[in-house]
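The values are calculated or read from the model by the stated rules, or taken from the named source; none is laboratory data. Keep in mind the model is a prediction, meaning the values are calculated, not measured. As a convention, Cβ positions derive from the backbone with ideal geometry for all residues, glycine included, and neighbour counts pool all protein chains shown. Ligands, DNA and RNA are excluded from the accessible area calculation, which covers all protein heavy atoms including side chains. Shrake-Rupley method; radii C 1.70, N 1.55, O 1.52, S 1.80 Å.
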Amino acid sequence: MKVVQKEISIVTRKRFDFIKITKQIEEVLDSVKIRKGIVTVNVPHTTAGVILQEDDETIFKDIINMMEKILPLKNKYHHSHESNENAVSHVASTVIGTNVTLPVIDGKLKLGTWQDIFFVELDKGRNRTVMITIVGE
Ligand code: ZN
C-alpha cells in the first residue's frame with residue numbers, strides 16, 4: 001500500500017469561478033505508480049469548494065442561480081462582520097462541499113463519461129490550494 005500526497009496551486013479570478021482541474025489531478029496520478037486505489041481531492045479552504053460536474057457553462061449558470069436563490073446577499077447573516085458576501089461564501093462552501101473521492105482503476109482516474117473535477121471559487125479571486133491524496137497499490 002502506497003500513499004502519495006501532493007499540493008497544487010491555482011489562481012481564481014472571481015466569485016463563482018469554476019476551474020477545471022481534472023488534468024492536474026491526472027498528471028499527479030500518472031507520476032505515481034498506483035494501479036488501483038482511490039484519489040481524494042481536498043480544498044483546504046472555508047470559502048471555496050470542489051465538485052464533479054459536466055464541463056458546460058449553462059450548468060454552472062444554473063448552479064450559480066441556485067446558490068443565489070438559497071443564499072441571497074440581502075439576507076441577515078451572523079458572520080456579516082466580515083461582509084455579507086463573505087458570510088455567503090462560507091455557507092456556500094458547506095453546501096458545495098470541500099472534497100471529492102474517485103476510484104483509480106488500471107492506473108487511471110475513474111470518471112464518468114461527462115464528469116470533470118472543478119475547483120469552485122466562492123469568495124473573491126485569489127491564490128488557492130488543492131490537496132491530492134492517492135492511496136493504493
Ligand atoms: Zn469569514
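Before we move on, is ALA87 more than 16 Å from the chain's Cα centre (by Cα) and open to solvent by less than 30 Å² (accessible area, probe 1.4 Å)? Explain how you work it out, then say what you get.
On the way: more than 16 Å from the chain's Cα centre (by Cα): yes; open to solvent by less than 30 Å² (accessible area, probe 1.4 Å): yes.
Against the criterion (more than 16 Å from the chain's Cα centre (by Cα) and open to solvent by less than 30 Å² (accessible area, probe 1.4 Å)), ALA87 qualifies.
Out of ILE70, ILE59, ILE105, ILE64, report the one residue that is more than 16 Å from the ligand (Cβ to nearest atom) and under 26 Å from LYS2 (Cα atoms). Reasoning before the result, please.
Working: ILE70 fails: under 26 Å from LYS2 (Cα atoms); ILE59 fails: under 26 Å from LYS2 (Cα atoms); ILE64 fails: under 26 Å from LYS2 (Cα atoms).
Answer to the check: ILE105.
Okay, residues lined up against (1) open to solvent by 60 Å² or more (accessible area, probe 1.4 Å); (2) modelled with pLDDT of 95 or more:
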{"residue": "LYS61", "(1), (2)": "yes, yes"}
{"residue": "ILE64", "(1), (2)": "no, yes"}
{"residue": "ILE70", "(1), (2)": "yes, yes"}
{"residue": "TYR77", "(1), (2)": "no, yes"}
{"residue": "GLU82", "(1), (2)": "yes, no"}
{"residue": "ALA92", "(1), (2)": "no, yes"}
{"residue": "VAL95", "(1), (2)": "yes, yes"}
{"residue": "THR98", "(1), (2)": "no, yes"}
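What's the number of the condition PRO72 fails, among (1) without any contact (Cβ under 8 Å) to a residue 24 or more places away in the chain; (2) in a helix (DSSP H, G or I)?
(2)
How many residues are assigned to a strand (DSSP E or B) and of a type in the set (A, V, I, L, M) when one looks only at segment 1-60?
Initially, segment 1-60 is screened for residues assigned to a strand (DSSP E or B), giving 2-11, 18-20, 37-42, 48-53.
Okay, now just the ones that are also of a type in the set (A, V, I, L, M), so 3-4, 8, 10-11, 19, 38-39, 41, 48, 50-52.
Result for segment 1-60: 13.
With respect to VAL50, is the statement that it is under 22 Å from GLN24 (Cα atoms) and not acidic (Asp, Glu) true? Write out each step before concluding.
On the way: under 22 Å from GLN24 (Cα atoms): yes; not acidic (Asp, Glu): yes.
Considered against the rule, which asks whether it is under 22 Å from GLN24 (Cα atoms) and not acidic (Asp, Glu), VAL50 comes out as yes.
Which count do you get for residues in segment 6-24 that are farther than 20 Å from LEU122 by Cβ and surrounded by 12 or more Cβ atoms within 10 Å (Cβ to Cβ)?
1
What are the residues in segment 76-123 that are among the polar types (S, T, N, Q), more than 19 Å from ILE38 (Cα to Cα) and not in a helix (DSSP H, G or I), if any?
Initial filter on segment 76-123 (among the polar types (S, T, N, Q)): 80, 83-84, 86, 89, 93-94, 98-99, 101, 113, 115.
With the extra rule that they be more than 19 Å from ILE38 (Cα to Cα), the set shrinks to 80, 83-84, 86, 89, 93-94.
Selection gives SER83 alone.
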